[in-house]
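The values are calculated or read from the model by the stated rules, or taken from the named source; none is laboratory data. On a predicted model such as this, the values are computed, not experimentally measured, just so you know. Every residue, glycine among them, receives a Cβ derived from its backbone with ideal geometry; neighbour counts consider all protein chains shown.
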Amino acid sequence: MNSQFDQLIQGMDTSKISPVGKHSDDVMEQVNANGTQREVPQSPQQDTMPFVSSPLFETRAFKELVRQDSISRNKSYASNSVNIGGYDIAHNCMKTTLFRMLGFQPTNYANSWLPLGFRAALGTATHNYIQDLSLGKIFTECEVCLKVPSKRISMRLDALINDETLVEIKSCSYTDYKKILTSNKPRLGDLHQAIFYRWLLQNHLEEMKKQEPTRGGIRPTLNDYSNIKYIQMIYICHELISAESDTMRDAIKYATSIRKLAKKESGISDFWFIAPLAISTQSFDIKSHENYLVNKLEELLKYLELKQLPPDDHPYVDNTKCFFCQFKDQCNAGKK
Ligand code: SF4
């Protein structure tokens, strides 16, 4: 066998093997290992390559497509979004929501950080995959529409497990994943989202059950959710896009260190990138968080009724969120 292999490589000028040519080494190894005689593919010579006249994928041009896509998505969201969503209550600065719901137009609809579109696409794919595999086997309800027109609310929760566990799936950066693993705590905004969904199910179920679900969603199926005892946050770490590293080499080094940490924590070496955290609703003062969120909802409704923006020093105006805000050009609070 070895002599056959030696014959094959005799006469080859290995110094000229390109990265593509090197790949053909794999084929030769396979021939060697199988002991069967197969023709070794010849690398095409440079001068026999066809002249490429078609346009090629080019990152700069693609970036422009991403920019245009973000403009059309944000425009469509702005014109169709007449309700308060889960992010508005749990994560967003209240003034951003009011800008949008009172009909202000951003001066620029493009995302200020274009990779955001990629992150969202990866997050959606992850959600779908977990939900598709788990529905009917672990999850009992998925994509549950929480519509409460009397409060101008329209949101969707990711999943429920019977009447005991409310599930939210979140994708996150390596940096956040490290914080979550080392603290064993969810991000506060994510926890707030789940707490608010639980509050809605326990306080507005009757109204929600009468609403038509939005496409791809369902109405809540049970008649009582007062027994929800656990909130489970499923964190998925799947991208280096937002890792806080200056170079790809640093990013990979950083990702490798987190992978080691996650493997140790989870004990499941090949699924180290999933961290499901279960939080008992009796293990902390859930009522105080609920009050904070319900109060934010009432404040939002008050300013919507008044058709006014809140003062810049309002407690729910959050100028730590200005970087991604589409209304920062029009907002003085964001300039402080
Ligand atoms: S610019 Fe900042 S403070 Fe103003 S609405 Fe946006 S996030 Fe809120």
Checklist entry - Say we look at region 97-111 and pick out the residues that are among the hydroxyl-bearing types (Ser, Thr, Tyr) and assigned to a loop (DSSP other than H, G, I, E, B); which of these is surrounded by the most Cβ atoms within 10 Å (Cβ to Cβ)? => result 109
Next on the checklist: Among the residues in region 319-328, are any in a loop (DSSP other than H, G, I, E, B), over 20 Å from residue 77 (Cα atoms) and within 11 Å of the ligand (Cβ to nearest atom)?
Outcome noted: yes
Checklist entry - Hey, does region 281-299 have a residue that's within 16 Å of the ligand (Cβ to nearest atom) and in the same structural domain as residue 237 (by TED's automatic domain parsing)? => result yes
Checklist entry - Counting only residues that are closer than 23 Å to residue 117 by Cβ, at pLDDT 80 or above and loosely packed, with under 14 Cβ neighbours inside 10 Å, how many does region 244-275 have? => result 0
Next on the checklist: For region 253-287, which positions are over 20 Å from the mean Cα position of the chain (by Cα), outside any strand (DSSP E or B) and among the aliphatic types (A, V, I, L, M)?
Outcome noted: 261, 268, 286
Next on the checklist: Tell me yes or no: at least one residue of region 235-243 is polar (S, T, N, Q) and at pLDDT 90 or above.
Outcome noted: no
Next on the checklist: For region 168-187, check the following and say yes or no: at least one residue is within 16 Å of residue 290 (Cβ to Cβ) and part of a helix (DSSP H, G or I).
Outcome noted: no
Next on the checklist: Being under 30 Å from residue 296 (Cβ atoms) and over 18 Å from the mean Cα position of the chain (by Cα) narrows it down to one residue among 232, 193, 211; which is it?
Outcome noted: 211
